[in-house]
Every structure is written in C-alpha cells, then in structure tokens.
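The values are calculated or read from the model by the stated rules, or taken from the named source; none is laboratory data. No experiment lies behind these values; they were computed from the predicted model shown. So basically every Cβ, Gly included, is an ideal-geometry build from the backbone, and we count neighbours across all protein chains shown.
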Amino acid sequence: MAHFEKAKSIGDWLDQRLATKTLEKVLATEYWIPKNINFLWAMGMVLAIIFAMLLVSGIFLLMYYKPDVNLAFNSVNNIIMNEVGYGWLWRHIHAVASSVAFLIIYIHMFTGIYYGSYKKGREMIWITGMLLFVTFSAEAFSGYMLPWGQMSYWAGMVITNLFSAGSLELNGVVEWIRGDYVPGDAYLTRFFMLHVLLLPLAIMAIIGLHFGTLRIPHVNNQDGEEIDFDVESKKYLAGDTKGSKVIRFQWDFLSKDVFVLGVFLIFFFYLTFYHYAFALDPVNLDPADGLKTPAHIYPEWYFLWSYEILRPFPKDPGLIAFGFAQVAFFLLPFLDRSPNVAPANKRGLFAIWFWVMIVDMIVLTIMGKLPPEGIYNVIGAVAAWTFLILFALLPVVTMLEKKK
C-alpha cells in the first residue's frame with residue numbers, strides 16, 4: 001500500500017510539471033478511432049515496431065562495423081557474421097527488417113490511396129507520411145552502401161551520378177557528395193554518418209509530426225463516413241459502446257494493433273531464420289572493386305519501380321520522368337479533384353485507375369531487376385509511360401466522378 005501511495009505521489013508530481021494525465025487523455029484514453037476499420041489500419045504500428053528493431057539491431061552492428069573501405073567488407077561479412085556471438089542474427093534481423101519495412105510501407109501507402117485517406121483535410125497526414133517514405137528510402141540507400149560490396153559500390157556510383165543533372169553536367173555536385181571523383185573513404189564515412197545519426201533523427205522527428213497530424217483530424221475509416229467524434233465519444237463514455245461509432249485508442253484499438261503485430265512477428269522471424277537470403281544480394285557478397293563492373297547494376301527491390309522509369313528514356317527525359325515519379329505521390333491530394341471520401345470500389349473510374357497503377361508498379365519492379373535488353377526494354381518502356389500517363393490523367397478521371 002505504501003508503494004502504491006508513493007507511486008501515486010510521483011505520478012501527481014510529474015503531472016503537475018508535465019501534464020502527463022492530459023497527455024495520456026489526448027494521445028490514448030480519449031483519442032477516438034472509428035470503429036469500422038480493418039487490420040490494414042494497424043500497419044502504422046507495425047512500422048513503428050520495425051523501426052525500433054532496426055534501431056536496436058543497428059546499435060549492436062555498430063559495435064563491430066568499421067567505416068573504412070579497407071575494413072568495412074570484412075567487418076560485416078567475416079567479423080559480425082562469423083566471429084561475434086549471434087552477430088549473424090542481428091545482421092539478419094537488420095537486413096530483413098529493412099526490406100520488410102518497405103513492404104509494409106507500400107501496403108500502408110496503397111491502403112491510404114484506396115480509402116481516400118489523403119482527402120478532406122487530411123492532406124498533412126499524407127504529406128508527412130510521404131516525407132517518412134523519402135527519409136526511409138534515404139536511410140535504406142545509405143545503409144546499402146555500408147557493407148562495401150560490389151553492388152554497394154556500383155549502385156552508389158550510378159545513383160550519385162544522377163546529381164549531375166543530365167546534360168547540365170553538374171559533376172562538381174557529384175564530387176562534392178562523394179568527397180572524391182569516385183566512391184571512396186570519404187564517401188563511405190559520409191553515408192555512415194547519415195545512416196547512423198542524421199537520418200534516424202530525421203525519421204524520429206517526422207514520426208512525431210506524422211502522429212501529431214493523425215490526432216487532428218481523426219483517422220479515416222473504411223467507408224469514408226464523416227463521423228461526429230464529439231457526439232460518438234459521449235455515447236461511448238455514457239456506456240453505449242455498441243451504439244457508438246468510435247472506440248478508444250487505448251486499449252480498444254491498441255488490442256487490434258497488438259494482434260496484427262503478433263501475426264506479423266511470426267512472419268518476420270520466419271523470414272529471419274529460414275529465408276533471410278532474399279534481403280542479402282549475392283552480388284554484394286563480393287568485395288567492392290572499382291575496376292570490375294557487374295554485368296547488371298540494380299538497386300534493392302523497393303527502388304526498382306522508380307529506377308525502371310528512368311531506364312527506358314534518353315538522359316534528360318529520363319531524369320525528368322524519374323523526378324516526376326518521386327513527387328507524383330506527394331501531389332496525390334491535389335491531383336485527385338473528386339470531393340468524395342470513399343473506398344476506390346465506390347468511386348467508379350478511380351477504382352480502375354487504382355488497380356492499373358498497382359499492376360503497373362509491379363511490372364516496373366519486375367522489369368527493373370531484369371537486364372535492359374530485348375522484350376524487357378519494350379515492356380519497361382510501356383510500363384514507364386503508363387505510370388506517367390496515369391498520374392497525368394488522374395485530375396480528369398476524378399473530375400468525371402459523380403458526387404455522392
């Protein structure tokens with residue numbers, strides 16, 4: 001009893017100075033979530049846990065990694081994998097988590113598009129989410145450089161060459177980024193700093209901003225229904241939990257999150273122990289060699305769709321198409337001219353647009369991994385043009401949509 005009173009007094013002391021009880025109400029006990037949502041709304045929590053696993057596993061790897069071009073490859077593929085106790089496990093967790101994170105990000109992103117969660121005052125939720133996508137992409141790219149294998153070196157060479165801006169030939173910018181004419185020690189050290197310090201800090205800051213934008217306005221629901229949260233929350237607090245259209249974040253919605261998270265973790269650790277090879281490119285198991293170019297250079301699977309948009313075009317048009325692909329999803333709230341907030345299956349032409357876009361991105365991803373020759377070139381070019389045309393047509397498609 002004395003311990004309980006002591007804990008209570010500490011809680012009161014903190015509440016007087018940090019308003020902890022008010023914070024708990026705003027973020028948990030009186031944060032209301034629509035009742036009519038499905039398991040896809042739990043992807044945000046899954047992503048938060050994946051980021052935590054990346055952070056923890058990254059700290060353990062950091063203890064033995066050497067950011068030096070002469071030592072990096074050996075520190076990862078020999079010392080961590082063979083000499084450090086359970087080093088292989090932490091590397092597998094880190095590699096699988098970095099890859100699976102993008103699978104969940106794409107599910108989360110396409111769920112938002114399907115249900116129109118970027119519309120009706122929720123534009124900042126979408127924009128901060130896309131900022132997270134960009135920073136996660138930068139974090140993944142910088143991490144891909146660190147093992148200093150063949151694909152690390154040559155993928156880094158190709159991607160940094162993009163900053164020359166085509167025929168503008170801004171080679172000084174490329175050299176400034178690399179710290180040299182070709183990727184070397186300065187290059188590796190810079191990407192190491194970005195990966196372990198600057199980008200994780202940026203991600204944590206944007207996660208906080210993203211959660212803040214989710215608080216007001218409230219999250220969308222699978223019917224696109226406009227809910228009066230003040231009225232429905234009063235019903236819930238009055239005891240009419242069945243009649244209310246909302247539930248508490250804590251513990252009602254959180255229990256659903258935890259269930260989905262449990263299923264995900266079974267899938268995740270199955271991959272970690274039995275099928276981790278998909279996250280470790282075999283070409284990258286050879287040490288970096290600036291005099292030996294791989295037969296086919298490609299990025300990780302989650303970048304392949306945008307990489308394939310770059311490939312079929314000449315230098316300058318390719319860079320313009322690639323740049324458009326990077327900002328197209330940011331512009332979605334403004335390109336979609338329909339006032340309707342509803343799932344795609346209730347929006348006529350938009351449903352066709354959505355599924356064509358999904359199929360097209362899958363085709364782009366497959367083509368991006370294949371060598372650019374023969375029929376692959378033709379399919380890749382058609383898929384790239386299809387992506388660009390789809391987003392150019394989106395304002396027209398949505399303006400033709402009938403108002404609900």
Suppose the filter is in a helix (DSSP H, G or I), modelled with pLDDT of 90 or more and outside the structural domain of VAL182 (by TED's automatic domain parsing); does PHE324 pass it? yes
Based on what the data block shows, is ALA325 touching a strand residue (DSSP E or B) at 6+ places or on another chain (Cβ under 7 Å), among the small types (Gly, Ala, Ser), buried (at least 16 other Cβ atoms within 10 Å of the Cβ) and touching a residue at least 24 places away in the same chain (Cβ under 8 Å)? no
Counting only helices (runs of 4 or more DSSP H) entirely within segment 114-199, those with at least 1 residues that are touching a Ser or Thr at 6+ places or on another chain (Cβ under 6 Å) are 123-145, 171-178, 185-193
Any residue in segment 367-376 that is at pLDDT 95 or above, assigned to a helix (DSSP H, G or I) and surrounded by fewer than 19 Cβ atoms within 10 Å (Cβ to Cβ)? no
Identify, please: which residue in segment 17-45 is aromatic (Phe, Trp, Tyr) and either free of Cβ contacts under 8 Å to residues at least 60 places away in the same chain or not in a helix (DSSP H, G or I) (or both) and is, among those, farthest from GLY208 (Cα to Cα)? TRP32
Hey, can you tell me all the residues within segment 84-109 that are closer than 24 Å to ASP289 by Cβ and either over 19 Å from the mean Cα position of the chain (by Cα) or not assigned by TED's automatic domain parsing to the domain that holds ALA140 (or both)? ARG91
Answer from GLY239, GLY262 - the residue that is under 27 Å from the mean Cα position of the chain (by Cα) and surrounded by fewer than 18 Cβ atoms within 10 Å (Cβ to Cβ): GLY262
Here are SER255, SER233: which of them is free of Cβ contacts under 8 Å to residues at least 40 places away in the same chain, under 30 Å from ARG122 (Cβ atoms) and assigned to a helix (DSSP H, G or I)? SER255
Taking the residues in segment 244-253 that are out of contact with any Asp or Glu (no Cβ under 9 Å at 6 or more places or on another chain) and surrounded by fewer than 18 Cβ atoms within 10 Å (Cβ to Cβ) as candidates, determine which candidate is modelled with the lowest pLDDT. TRP251
Would you point out the residue of segment 75-121, among those that are of a type in the set (S, T, N, Q) and free of Cβ contacts under 8 Å to residues at least 24 places away in the same chain, that is farthest from PHE273 (Cα to Cα)? SER75
Considering only residues that are among the polar types (S, T, N, Q) and more than 23 Å from the chain's Cα centre (by Cα), look in segment 359-393 and name the one that is farthest from THR111 (Cα to Cα). ASN377
So in segment 126-168, with the set limited to residues that are more than 24 Å from VAL196 (Cα to Cα) and modelled with pLDDT of 95 or more, which one is surrounded by the most Cβ atoms within 10 Å (Cβ to Cβ)? TRP126
Residue list for segment 367-383, filter: out of contact with any helix residue (DSSP H, G or I) (no Cβ under 7 Å at 6 or more places or on another chain) and without any contact (Cβ under 8 Å) to a residue 12 or more places away in the chain: GLU373, GLY374, ILE375, VAL378, VAL382
Can you spot a residue in segment 46-63 that is without any contact (Cβ under 8 Å) to a residue 40 or more places away in the chain, under 30 Å from LYS245 (Cβ atoms) and exposed (fewer than 14 other Cβ atoms within 10 Å of the Cβ)? no
Scan segment 237-251 for residues that are out of contact with any helix residue (DSSP H, G or I) (no Cβ under 9 Å at 6 or more places or on another chain) and under 16 Å from VAL219 (Cβ atoms) and report the count. 0
On the given criteria, is ASP223 of a type in the set (D, E, K, R), outside any loop (DSSP other than H, G, I, E, B) and touching a helix residue (DSSP H, G or I) at 6+ places or on another chain (Cβ under 9 Å)? no
Exception for TYR270 within (1) under 24 Å from MET367 (Cα atoms); (2) free of Cβ contacts under 8 Å to residues at least 24 places away in the same chain falls at (1)
Could you list all residues from segment 62-90 that are among the hydroxyl-bearing types (Ser, Thr, Tyr) and part of a loop (DSSP other than H, G, I, E, B)? TYR64, TYR65, TYR86
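What tally of residues in segment 337-351 results from selecting those that are outside any helix (DSSP H, G or I) and either under 13 Å from GLY112 (Cα atoms) or assigned by TED's automatic domain parsing to the domain that holds THR128 (or both)?
Adding up the residues that qualify gives 3.
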Can you work out which of the residues in segment 302-358 that are among the charged types (D, E, K, R) and closer than 30 Å to ALA97 by Cβ is nearest to the chain's Cα centre (by Cα)? GLU308
